[in-house]
Amino acid sequence: MPIVAQLTAANCPDINMLLPLVDAIPPLRGRVGRPPRRPRCVQGDRGYDSTRHRAALVARGIAPVLARRYTPHGSGLGRTRWVVERTLAWLHRYRRLAVRYERLDYVHEAFLTLGCIVICWNHLKAVL
């Protein structure tokens, strides 16, 4: 299920939103006691490989599991990264999210939020 979704311009590199996305993650509830504020690890592909961002994640107490640039494929991230790719594919089922037709960013962000709500609703229906 999508936890955080933020909208950026098409020409904005993904790595610029890594730290704001991590900071936007809400506390995870479910267990008795104080909910953890941060995830234990963050996974990403080669687009997120940066020494500065790795150090910032470690300073936050998060283990970066990021594929290194200029290395052969086979990092092993594909075994668990498919969850992210599957969720993006679920969002792209909705035509308005696959190709941006809206000129106003808040309209597209509203459709992104609705898409995430529908994904969460379908997941909850399947669980209940």
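The values are calculated or read from the model by the stated rules, or taken from the named source; none is laboratory data. If you're wondering where the values come from, they're calculated on a predicted model, not measured in any experiment. When we count neighbours, we look across all protein chains shown, and the Cβ atoms used for this are built from the backbone with ideal geometry, even at glycine.
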- Qualifying residues in the range 16-54 (those that are under 23 Å from residue 111 (Cα atoms) and aliphatic (A, V, I, L, M)) - the one surrounded by the fewest Cβ atoms within 10 Å (Cβ to Cβ): 24
- Query: So, in the range 59-85, of the ones that are of a type in the set (Lys, Arg) and closer than 18 Å to residue 47 by Cβ, which residue ends up surrounded by the fewest Cβ atoms within 10 Å (Cβ to Cβ)?
  - Reply: 68
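Please go through the range 79-113 and give me each residue that is assigned to a helix (DSSP H, G or I) and without any contact (Cβ under 8 Å) to a residue 12 or more places away in the chain, ordered by number.
Scanning the range 79-113 gives 79, 82, 83, 85, 86, 88, 89, 95, 98, 106, 107, 110.
Of these, 7, 57, 21, 28, which one is closer than 30 Å to residue 126 by Cα and not in a loop (DSSP other than H, G, I, E, B)?
21
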- Item | Every pair of residues 6+ apart whose Cβ atoms lie under 6 Å, when the first sits in the range 17-28 and is under 11 Å from residue 62 (Cβ atoms) while the second is among the small types (Gly, Ala, Ser) and surrounded by 15 or more Cβ atoms within 10 Å (Cβ to Cβ) | 19/56
- Message: Which condition from (1) at pLDDT 85 or above; (2) within 24 Å of residue 11 (Cβ to Cβ) is the one that residue 70 breaks?
- Response: (1)
